[in-house]
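Below: one structure, written as structure tokens.
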Amino acid sequence: MKKHYKEIMNQIDTFIFDVDGVLTNGYVHVFANGELGRQMNIKDGYSLKAAINAGYRICIISGGTNEGVRNRLKGLGIEDIYLGVHDKTEKFNELVDMYQLSTNNIFYMGDDIPDYEVMQKVGLASCPKDAVPEIQSICQYISQKKGGEGCVRDVIEQVLKVQGKWHQQFDAKFD
């Protein structure tokens, strides 16, 4: 019998996210100087920081190469940021080996075909509600939020709540 996604959330210790279509809404703003801009949700950023503070490993694997994205994510405390990745499975395998990770304890959120192969290797595969149908078909959990509109906050908050760690951040501030 297949486990319910909430049961799997209990074992998660590592989050891996795609960027475009997950941490952003998938739209690219082209500015007159040729720069490409993306929009990120501030609540997603808060939850990423909360997860890091609670001791989770956060990794970013993206085909995009925008340095503004790297700067934003580094500012949140994320160290494992891999941009311009053409083979996400290869980078995933490197991360698993480098940190001696158990694939059963890894959560991955993607939204499109480049994420498909990796998503089949993790303990919990998830996507935003506007992910392509092929990705939705292999996910144990589909967020009710779209990419760039809080889907990352949705899943991080759920995992931390299931593991009793969401309210730790409040306790630390009010002690």
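Please treat every number below as a calculation from the coordinates, not as lab data. The structure presented is a predicted model; accordingly, all values stated were derived computationally and were not measured. Cβ placement follows ideal geometry from the backbone for every residue including glycine, while neighbour counts extend to all protein chains displayed.
Quick one: work out the % antiparallel among DSSP beta bridges in the chain, nearest 5.
Working: 3 of 19 bridges.
Just about 15 percent of them are antiparallel.
Assuming a ≥ b ≥ c are the square roots of the Cα gyration tensor eigenvalues, decide whether the stretch 91-175 counts as rounded (a/c under 1.5), prolate (otherwise, with a/b larger than b/c) or oblate. Present the calculation step by step, with values, prior to reporting the outcome.
On the way: a/c = 2.57, a/b = 1.33, b/c = 1.93.
Note, shape of the stretch 91-175 comes out oblate.
Scan the stretch 67-175 for GluC sites (Glu not before Pro) in coil per DSSP, keeping those whose Cβ has at most 13 other Cβ atoms within 10 Å, and list them by number.
Working: sites: GLU67, GLU79, GLU90, GLU94, GLU117, GLU134, GLU149, GLU157; in loops: GLU79, GLU149.
The qualifying sites are GLU79.
Let me know the charge dipole size of the chain about its Cα centre in debye, to the nearest 20, where only the beta-carbon of Lys, Arg (+1) and Asp, Glu (-1) is charged.
On the way: 20 positive and 24 negative charges, 119 e Å.
It comes to approximately 580 debye.
Can you flag which of LYS43/LYS121; LYS129/LYS161; LYS6/LYS161 are past 18 Å Cα-Cα? Don't skip to the answer; put the middle values down first.
Numbers: LYS43/LYS121 28 Å; LYS129/LYS161 21 Å; LYS6/LYS161 10 Å.
In this structure, LYS43/LYS121; LYS129/LYS161 lie more than 18 Å apart at Cα.
Show me the trypsin sites (Lys or Arg not before Pro) within the stretch 1-36 that DSSP assigns to loop and that have at most 10 other Cβ atoms within 10 Å of their Cβ.
Details: sites: LYS2, LYS3, LYS6; in loops: LYS2, LYS3.
Taking the stretch 1-36 and a limit of 10 other Cβ atoms within 10 Å, the loop trypsin sites (Lys or Arg not before Pro) found are LYS2.
Work from the charge dipole of the stretch 1-98 (Cβ charges, +1 for Lys and Arg, -1 for Asp and Glu, about the Cα centre) and give the residue of CYS59, ILE78, TYR5 farthest towards its positive end.
Ranked along the dipole, the leading option is TYR5.
Could you tell me which of GLY34, SER47, GLN168 has its Cα farthest along the dipole of the chain towards the positive end, charges placed at Cβ (Lys, Arg +1; Asp, Glu -1), taken about the Cα centre?
Positive-most Cα among the choices belongs to GLN168.
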